[in-house]
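Report on the following structure.
The values are calculated or read from the model by the stated rules, or taken from the named source; none is laboratory data. Just so we're clear, the structure is a prediction, and the values are computed from it rather than from any experiment. Note that we place each Cβ from the backbone using ideal geometry, even for glycine, and neighbour counts take in every protein chain shown.
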Amino acid sequence: MDWNRRYVIRSYIRSSLWIMPFFALLAFWATSRITYGIGGWLLRTGRIDESTAFMGVTMVGARSLLETIVTLNLSFVVFTFGSLLVAIQVAGGQYTPRIIATTLLRDNTIRFTVSYFIFP
């Protein structure tokens, strides 16, 4: 593989916003499977009671609480990145969307933050 192909691939990986959330989803999938297995084991051995296993609420209450947390996380991500985009456009003045996208996507803090909020 020649140097320009490696440069193009490395540049694409550094500027892609979808790679980190994709790996966060894979980590979530693995973590949820492990957690589900541990929960089943705890129920089978009688170490927890299914009716009050999560903060002393029923299964419906726990599910409702977790759905609320996921909804709040998604709302926070949309609000934060919308505000960030507006702030960069105002500060940038005459910048083109390509420059704004490059500025956002090359920042590892933003990429890790997106991954953190994708991981429920």
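Quick look at the numbers
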{"read-out": "Filtered residue count, the stretch 1-52, keeping only those that are modelled with pLDDT under 80, part of a helix (DSSP H, G or I) and among the small types (G, A, S)", "value": "2"}
{"read-out": "Residue in the stretch 54-64 that is farther than 28 Å from Y116 by Cβ, more than 25 Å from the chain's Cα centre (by Cα) and surrounded by 13 or more Cβ atoms within 10 Å (Cβ to Cβ) present", "value": "yes"}
{"read-out": "Positions within the stretch 83-113 being at pLDDT 70 or above, under 16 Å from the mean Cα position of the chain (by Cα) and not in a loop (DSSP other than H, G, I, E, B), in sequence order", "value": "N108, T109, I110, R111, F112, T113"}
{"read-out": "Criterion: of a type in the set (A, V, I, L, M) and either within 20 Å of I110 (Cβ to Cβ) or touching a residue at least 60 places away in the same chain (Cβ under 8 Å) (or both) - qualifying residue of L43, L25, L65", "value": "L25"}
{"read-out": "Extreme residue, surrounded by the most Cβ atoms within 10 Å (Cβ to Cβ), among residues of the stretch 12-37 that are within 14 Å of the chain's Cα centre (by Cα) and among the small types (G, A, S)", "value": "A24"}
